[in-house]
Amino acid sequence: MPYRDYTSLNFEFPEPGILRIVFDNPKSRNSVSAEQHTELARIWGDIDRDPDVKVVIVTGAGDAFSSGGDFGMIEEMTESFEGRILTMREARDICYGVINCSKPIVSAMTGPAVGAGLAVGLLADVSIATPSTKIVDGHTRLGVAARAHIHAVMSAKEMTGKRADDGKDEADNQADQVENHKPSPGFNRRSK
């Protein structure tokens, strides 16, 4: 089973063929740590290659889907250029991983849906949101946005009747910078 290597994401198999990924950090409304962000960036390829998985459900524990990046991750993004670039690349990989996964992905959102959780939730093949779901995109305020994610958020804003043009050009410019940047030699945010 390829999921043994994942230490920060929670997996459940409620029925044969069904993989449930649970954001499970209820003390902080299921915030995403740097380690979880890294794992979210690579999990979709493993799911895609797993013949035992037929469908994926992504949800949050308790009354929240995901409140976005935890404060440690956000602090690192705001203080470290290399950390910001790594996070942007991972955000891109999360988005394209969800989009390119051949297995159907269903998101079940309630409460806050922010950041990487929001990206997964909106880019899923089927997105289910309860009336209490609060879709919030703070990426552009942090200077972090992946092109696919920001376009999905903009589409969601268009569907809800809210402004759909805020942040789009800025996000495209940031995504271009991420694709062309090389981190400093020896940079590894996980070594702190």
Length gained, Asn10-Glu82, 0.36 nm per residue minus C-alpha separation, equals 23.2 nm
Loop-resident GluC sites (Glu not before Pro) in segment 1-79 with no more than 13 other Cβ atoms inside 10 Å, DSSP not H/G/I/E/B, are none
The local net charge around Ser31, scoring Lys/Arg +1 and Asp/Glu -1 for residues other than Ser31 whose Cβ lies under 13 Å from its Cβ, equals -2
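Coordinate-derived values only; no laboratory data. Only a predicted model underlies this, so the values are computations on that prediction, with no experimental measurement involved. Counting neighbours? That spans all protein chains shown, and the Cβs are built from the backbone with ideal geometry, glycine included.
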